[in-house]
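Peer 1: I'd like to ask you about the structure that follows.
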Amino acid sequence: MDTRQLQAFCEVVERKSFSQAAERLGVTQPAVSLQVRSLEKRLGTQLLDRSGRRVEPTEAGLRLYRGAQRLLQLEEDLLAELAEDATGELEGRFEIGASTGPGGVVLSRILCEFAEAHPNLHVALSVFDTQRIVEHVADRTLQLGVVGAAPRHRGVEYEPFFNDTVILACPPGHPFAGRTITLDELKDETLIVMQEGAGVRQMIDDELHRAGLRLRDLDVRIELGLQESVTSAVRSGYGVTFISRSSVENDLAAGTLVEARVGELVLEREIYLVRASGRAETRAARAFVEFAKARVA
């Protein structure tokens with residue numbers, strides 16, 4: 001069976017769109033349509049329902065999709081096995097993703113050092129919230145991910161990478177600056193939060209629940225997406241926020257942000273490597289993990 005046809009079919013099923021599948025594969029939409037039609041003709045059955053706004057697999061299409069995933073994985077594993085003994089300089093493209101905490105400072109610095117050590121390798125870092133990184137690793141858009149939480153997802157596997165501390169960041173001169181405060185004190189202060197899906201927000205949700213509270217019990221009036229917009233608002237004096245300490249080290253050193261802690265909350269977390277379940281790791285991903293672990297140990 002033509003694996004190119006199977007790959008095109010699987011991409012359409014996963015993205016529910018011929019155009020998005022074509023974009024992912026780097027080919028034209030007519031080329032994807034031709035591959036799928038050829039597959040349907042060969043099997044003598046309709047695999048996709050094209051009548052609605054989104055493309056959906058038929059019952060036969062769902063059965064083929066499950067089998068095709070196993071076949072494509074077998075092909076990938078075989079190619080990886082054949083390349084296992086490959087030597088020489090790393091080449092090609094290394095696609096890695098990170099959530100905003102580890103991606104902001106720690107990972108970007110290590111990636112620059114890694115790229116410098118392998119000049120023939122193109123390194124591309126994508127930064128999203130934790131949930132999107134996990135989804136992109138699961139659908140194999142990314143070879144590897146680094147995230148600050150481990151949401152359940154059957155398509156990925158997690159491995160502890162390094163420890164991180166979350167702090168309460170305040171503007172200079174704030175009454176909380178340099179102190180360990182209580183949750184009762186925090187209730188009276190405007191708290192700026194990141195959007196749902198961010199690892200730090202999930203961690204704070206969990207810790208507040210352990211302390212018998214929820215975010216809605218605090219004065220949360222501003223939600224500003226991800227890391228940079230939140231820290232910018234805190235620098236300007238609009239409130240305080242929970243954020244990874246490693247991501248604001250430069251601000252802390254410059255005095256544009258000041259650290260505080262909340263006594264009732266345990267704000268230490270694990271940063272995880274995330275891989276697609278069952279996926280054979282590329283040479284670049286394997287080399288990067290070894291390189292990075294030596295620098296965060």
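Peer 1: State yes or no: is G101 in contact with a helix residue (DSSP H, G or I) (Cβ under 9 Å, 6 or more places away or on another chain) and in a helix (DSSP H, G or I)?
Peer 2: When the stated conditions are applied, G101 passes them.
Peer 1: Filtering the stretch 2-50 down to residues that are in a loop (DSSP other than H, G, I, E, B) and at negative phi, which residue is surrounded by the most Cβ atoms within 10 Å (Cβ to Cβ)?
Peer 2: Looking at the filtered set, the residue picked out is L47.
Peer 1: Sort out which residues of the stretch 143-157 are surrounded by fewer than 18 Cβ atoms within 10 Å (Cβ to Cβ) and not in a loop (DSSP other than H, G, I, E, B), and write them in order of number.
Peer 2: E157 - this is the single residue of the stretch 143-157 that is surrounded by fewer than 18 Cβ atoms within 10 Å (Cβ to Cβ) and not in a loop (DSSP other than H, G, I, E, B).
Peer 1: Can you find even one residue in the stretch 232-251 that is in contact (Cβ under 8 Å) with a residue 40 or more places away in the chain, open to solvent by less than 60 Å² (accessible area, probe 1.4 Å) and on the phi > 0 side of the Ramachandran plot?
Peer 2: Yes, some residue in the stretch 232-251 is in contact (Cβ under 8 Å) with a residue 40 or more places away in the chain, open to solvent by less than 60 Å² (accessible area, probe 1.4 Å) and on the phi > 0 side of the Ramachandran plot.
Peer 1: I'm trying to understand the selection: among the residues of the stretch 122-142, which are surrounded by fewer than 18 Cβ atoms within 10 Å (Cβ to Cβ) and over 17 Å from G101 (Cβ atoms)?
Peer 2: H122, V123, A124, D139, R140, T141
Peer 1: Select, from L218, L213, L224, L208, the only residue that is out of contact with any Leu (no Cβ under 8 Å at 6 or more places or on another chain), touching a residue at least 12 places away in the same chain (Cβ under 8 Å) and at negative phi.
Peer 2: Answer to the check: L224.
Peer 1: Would you tally the residues in the stretch 51-73 being within 15 Å of F18 (Cβ to Cβ), at pLDDT 90 or above and surrounded by fewer than 14 Cβ atoms within 10 Å (Cβ to Cβ)?
Peer 2: Of the residues in that region, 0 qualify.
Peer 1: So in the stretch 104-116, with the set limited to residues that are in contact with a helix residue (DSSP H, G or I) (Cβ under 7 Å, 6 or more places away or on another chain) and modelled with pLDDT of 70 or more, which one is surrounded by the fewest Cβ atoms within 10 Å (Cβ to Cβ)?
Peer 2: Among those residues, the one meeting the criterion is I110.
Peer 1: Does the stretch 165-182 hold any residues that are open to solvent by 10 Å² or more (accessible area, probe 1.4 Å) and either out of contact with any Leu (no Cβ under 8 Å at 6 or more places or on another chain) or at pLDDT 90 or above (or both), and which are they?
Peer 2: Result: P171, P172, G173, H174, P175, F176, A177, G178, R179, T180, T182.
Peer 1: Moving to a separate point now. Just a yes or no: is a residue in the stretch 82-93 at pLDDT 90 or above, farther than 30 Å from D164 by Cα and either in a helix (DSSP H, G or I) or of a type in the set (D, E) (or both)?
Peer 2: Among the residues of the stretch 82-93, not one is at pLDDT 90 or above, farther than 30 Å from D164 by Cα and either in a helix (DSSP H, G or I) or of a type in the set (D, E) (or both), which makes the answer no.
Peer 1: Scan the stretch 186-198 and tell me whether some residue there is under 27 Å from the mean Cα position of the chain (by Cα), open to solvent by 60 Å² or more (accessible area, probe 1.4 Å) and over 29 Å from A150 (Cβ atoms).
Peer 2: No, the stretch 186-198 has no match at all.
The values are calculated or read from the model by the stated rules, or taken from the named source; none is laboratory data. Predicted model, so just to flag it, every value in this text is computed and none were measured. Using ideal geometry, Cβ is built from the backbone for each residue, glycine included, and neighbour counts are taken over all protein chains shown. Keep in mind that these areas ignore ligands, DNA and RNA; they rest on the heavy atoms of the full protein, side chains included. Shrake-Rupley method; radii C 1.70, N 1.55, O 1.52, S 1.80 Å.
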